[in-house]
Amino acid sequence: MTADAEPHVDLYWLPLGAGGHSVRLNGRLYEAVVARLQHRPPAALYHAALEIAVPAGRYVLEQAPAGRAEYASRGVVAVGPVGSRPAGRLRLFRYEVRCWRNGTIPDAAEAVESPRRLTTDPAIAQRLLALAPSVPTAVWGRDELGAGEMWNSNAIVAWLLETAGVDAQSVQPPARGRAPGWRAGLVVARRAVPSSPLIERAWPGRA
């Protein structure tokens, strides 16, 4: 591997709705309401994606709306419902978790204070890849797991980092920004991890 491709885990903070006006507008409306209820100024909202480099290659790990093409074409390792479990029977109301070899992060050019190198530990990088298929696929936008915050892309990234051995609590969004869902991922990761062959293979003794 070249010096640039040495084992690492990089975090990208993407503005909510980057490249999509409707998502960005809805996010701003959501944040305006939440900020008003919490008696604070509105903040910029971000969602997280990871780039993971290991000796076998470079991977992009992110959560995104379910696509039309075959899952294998973009490294889909898990699928979950959006809004409600019954709605998840329709592709329009599903999300997917991608662990995509040689993949791309859409709108990476718009990322803020990124990339952030979280670790160069090859064991953690390999563990993240091994854990990706076992990430909880709770209902997106709901607090189905009782974590006190909605489950979303940030929750998935926080869960993976914390479960793999990265101190995800110390990871902060860009200045004057928020990452809704991040705390949910931490809360769920710190609970007793359900028995899972995937988790056991990634980190013996953890499950």
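All of the numbers you see were taken from the coordinates with simple rules; none came from a lab. All of these numbers come straight from a predicted model, not from anything done at the bench. Cβ coordinates were reconstructed from backbone atoms using ideal geometry, including for glycine residues, and neighbour counts include every protein chain displayed.
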- prompt: Which of the residues spanning region 148-185 are touching a helix residue (DSSP H, G or I) at 6+ places or on another chain (Cβ under 8 Å), more than 19 Å from Glu51 (Cβ to Cβ) and surrounded by fewer than 21 Cβ atoms within 10 Å (Cβ to Cβ)?
  reply: Gly148, Glu149, Met150, Gln169, Arg178, Arg183
- request: Could you check how many residues of region 104-142 are in contact with a Phe, Trp or Tyr (Cβ under 7 Å, 6 or more places away or on another chain) and not in a helix (DSSP H, G or I)?
  value: 12
message: Name the residue that is farthest from Arg117 (Cα to Cα), counting only residues in region 156-177 that are aliphatic (A, V, I, L, M) and in a loop (DSSP other than H, G, I, E, B).
response: Ala175
message: Can you pull out every residue in region 105-140 that is crowded, with 17+ Cβ neighbours inside 10 Å and not hydrophobic (A, V, I, L, M, F, W, C)?
response: Ser114, Pro115, Thr119, Gln126, Arg127, Ser134, Pro136, Thr137
message: Given (1) within 13 Å of the chain's Cα centre (by Cα); (2) within 16 Å of Gly83 (Cα to Cα), identify the lone condition not met by Ala168.
response: (2)
statement: Subset of region 63-91, residues assigned to a strand (DSSP E or B) and within 17 Å of Ala184 (Cβ to Cβ), comes to Gln63, Ala78, Gly80, Pro81, Val82
